[in-house]
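The values are calculated or read from the model by the stated rules, or taken from the named source; none is laboratory data. All figures in this text were calculated on a predicted structure; none of them were measured in a lab. Note that each Cβ is placed from the backbone with ideal geometry, even for glycine, and that neighbours are counted across all protein chains shown. The accessibility values were calculated without ligands, DNA or RNA, using every heavy atom of the protein model including side chains. Shrake-Rupley method; radii C 1.70, N 1.55, O 1.52, S 1.80 Å.
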Amino acid sequence: MLEQQPRITVVGSFVAGLTLRAERFPVQGETLLGRDFDLGPGGKGSNQAVQAARLGAHVEFVACLGQDDFGAIGAKLYGDETVGTTHLRRTNERNTGVAFIVLDARGDNFIVLDPGANSLLSPQDVEGARATIQNSHVVLTQLEIPLETAARALQLARQENAISILNPAPARHVPPEILSCADIVTPNETELRILLGRAPDEQVDALHLCEELIKLGVLRVILTRGARGAMIVTKDGYLNVPTFEVEIVDTTGAGDAFNGTLAYYLASGVPLEPAVRCAVAAGALACTKLGVIPALPRKSEIERLLTGS
Ligand code: RIB
């Protein structure tokens, strides 16, 4: 019997990413010379949609782009990567979102983002995609769009029996009634604290905060910890999933590779723990190349890293 193609709805952002690299980050008032300037597609929702499609999922992307040249970059990308655009809206009311990204010599980044047209993506847009959500195994959303829009995506996923994943990035405080609609939440350590209304640098045990999320009704928390891999927390306990040693070139988009891959494997019916291992491998691979879209790995690369072949 032929296996069914995994179906994923991503409700999220597209931005044009303007990236350059410097030896170090500038201090206030300083001008630094940089290099490697690149203008290309970005946005957490868009990156995650491309990652899942690249692995073989049927992906529909619910998003709002401007009717401008930057929006055209997104439209071309979805054609090239076979991401479904039935629910992608173009608007004249706002410019396409933009992100300024500065990389340092170690591949770490600073990002400042103007959401632009992403801020017009509304709960009604999500309602319009109800039939698609009904037909999805997984619904994945992030926070570069209005919170009420992400919340509606999680609610509809719950109603329609799809697995709902919230990648709470960029970090913001999310009320418990919204968190409780998420089957899976995937913060990094700073996002975890902010999500729960704590200070970003508060010294508090991460496992304890993950357990707080579980008490609020989240079924599974997957904490991403950079070089320390990921931690899966459920009501039954926790499990650490180590990462892989790779040469870091650019960490931008590693979280997107992780989330898109996690969504793909869960939508394929793979159990949580092996799905997280694949996602950790994808996140590591995404750090090995410059840029986001060129660095999102293919299935063969993930499998090679996992098997050490
Ligand atoms: O997660 C990385 C992404 O965050 C970049 O593509 C940038 O555009 C921002 O949205």
(message) Straight-line reach only, C-alpha to C-alpha below 18 angstrom: list the lysines that LYS289 could link to, leaving out same-chain residues fewer than 8 apart.
(response) LYS44, LYS299
(request) Assuming a ≥ b ≥ c are the square roots of the Cα gyration tensor eigenvalues, decide whether segment 117-169 counts as rounded (a/c under 1.5), prolate (otherwise, with a/b larger than b/c) or oblate. (result) oblate
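Quote the relative contact order of segment 158-240 in percent (integer), defining contacts as alpha-carbon pairs under 8 Å separated by 6+ residues.
Details: 142 pairs, mean separation 21.3, N = 83.
With pairs under 8 Å counted, the relative contact order is 26 percent.
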(request) Express as a percent, rounded to the nearest 5, the fraction of DSSP beta bridges in the chain (both residues included) that run antiparallel. (result) 40
(request) Only Lys, Arg, Asp and Glu count, each charged at its Cβ (+1, +1, -1, -1), so figure out the dipole size of segment 139-216 about its Cα centre, rounded to 20 debye. (result) 200
(request) Take the solvent-accessible surface of the protein heavy atoms, probe 1.4 Å, and return the percent of it on segment 163-257 that carbon and sulfur atoms account for. (result) 52
(request) Give me the orientation-averaged projected area of the Cα convex hull of the chain, in nm², one decimal. (result) 16.2
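At 1.4 Å probe size, with every protein chain present, just tell me what the per residue accessible area of the chain comes to in Å². Intermediate results must be reported in sequence, preceding the final value.
On the way: 13750 Å² over 309 residues.
Per-residue accessible area for the chain comes out at 44 Å².
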(request) Describe numerically, in nm with one decimal, the distance between label points set 7 Å from Cα along Cα→Cβ at ARG225 and at ALA22. (result) 3.2
(request) When you have a sec, figure out the Kirkwood radius of segment 184-297 from all distinct Cα pair distances and drop it here in Å to one decimal? (result) 14.4
(request) Calculate what fraction, in whole %, of the accessible area of segment 1-142 sits on carbon and sulfur atoms when a 1.4 Å probe is rolled over the protein chains. (result) 52
(message) In Å, what Kirkwood hydrodynamic radius results for segment 64-161 from the alpha-carbon pair distances?
(response) 14.9
